[in-house]
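These notes concern the structure reproduced below.
What follows is calculated from the coordinates using simple rules that are stated; it is not laboratory data. Computed from a predicted model, the values in this text were never measured in an experiment. Glycine also receives a Cβ, built like all others from the backbone with ideal geometry; neighbour counts cover every protein chain displayed.
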């Protein structure tokens, strides 16, 4: 897993463990992500929606793509499609994607990089594997998160953030064993590079076998942990969970995760996404790629899309992989290392 990894994790700033008076959050629920097809036919695991949207609020959707070893010609993407009313956050762990959008934004994201696209009032974009991955095949592993926008911000102008792998805030757990890649929000007094409209925290944590990770967590945020690979236990009750499962925590001051002493043969460590945010608590109306507060706003989004008011597809397309050579933009210096969604989903 070539997501950002420092040469010496022990030199990183550390996140304090929970204090004597802190109350660890109990495990409320463990959800196994069902599998579905997206884009041109690539397989994703999607732990939510599917559970009560109020549990995940302000998050709308989490798609886990891979890890998969594509043969030549197998890699697929999500061709041009619209969005309105929320933000998409695409985090690439292995492999690469190219992004192009109707505002002229775009980027090549690979091996630990994140693209943060605010659809806001409306945007067209595509996400496709680069030519070299289609032609030669290779490992592909990524996650896309949808973050809702409150009604007062759904009409904000669209924007694009390119968060390179070297920009991610690197931290260690209290004993130096866990590696934390903080993408957005605050954790342990440290801040990630992602600029958010909705207050959230989003991080990728790697735990070696037998290790333990503890962190304080804002009481006004919900708290979720999703296993990218490996096996572990959550909370003081040590509730078991594994790859493709989402842990939903209850109320409290912080979270506790442990990696099992013995991991699967294909996963040396437990890798998890930890995420949470301040619930928006507003009506949510889904229709494919649009997420608004009322049905009338959905009908307006459909009309605006067909009238071309969400932008135009640029006439030319640039191959970003040419900027990085044949393999792409993997960071190896200091830090080695939608199509339309179904309605109601």
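Here are a few things to note about the model shown:
- Centre separation in Å (Cα based) which lies between the stretch 31-72 and the stretch 167-231: 20
- Length added when fully stretched, residue 131-residue 28, from 0.36 nm per residue minus Cα-Cα: 32.7 nm
- Debye log10 I(q)/I(0) at q = 0.16 Å⁻¹ for the stretch 65-212, Cα point scatterers: -0.91
- Ordered by the number of other Cβ atoms lying within 10 Å of each residue's own Cβ, fewest first, 282, 127, 297, 87 fall into the sequence 282, 297, 127, 87.
- Burial ordering of 146, 155, fewest other beta-carbon atoms within 10 Å first: 155, 146
- Here the relative contact order of the stretch 10-311, from alpha carbon pairs under 8 Å that lie six or more residues apart, stands at 22 percent.
- Extension gain from residue 295 to residue 278, taking 0.36 nm per residue of separation minus the Cα-Cα distance: 3.7 nm
- Which label in (1) 20.7, 72; (2) 19.3, 60; (3) 19.3, 68 gives the computed Rg and Dmax of the Cα atoms in Å: (2)
- Compactness check for the stretch 189-236: Cα Rg over 2.2 N^0.38 Å is 1.33.
- Förster-model FRET efficiency, 22 Å R0, residue 220 and residue 156, C-beta, rounded to 0.05: 0.45
- What the Cβ-Cβ distance of residue 239 and residue 175 gives, at R0 = 22 Å and to the nearest 0.05, is a FRET efficiency of 0.50.
- Structural descriptor for the stretch 38-80: relative contact order 54 percent, calculated from alpha carbon pairs under 8 angstrom and at least 6 residues apart.
- Relative contact order (%) - criterion: Cα under 8 Å, at least six apart; region: the stretch 7-54: 22
- Within the stretch 76-91, backbone nitrogen closer than 13 Å to the virtual label 7 Å beyond the Cα of residue 304 toward Cβ: 82-86
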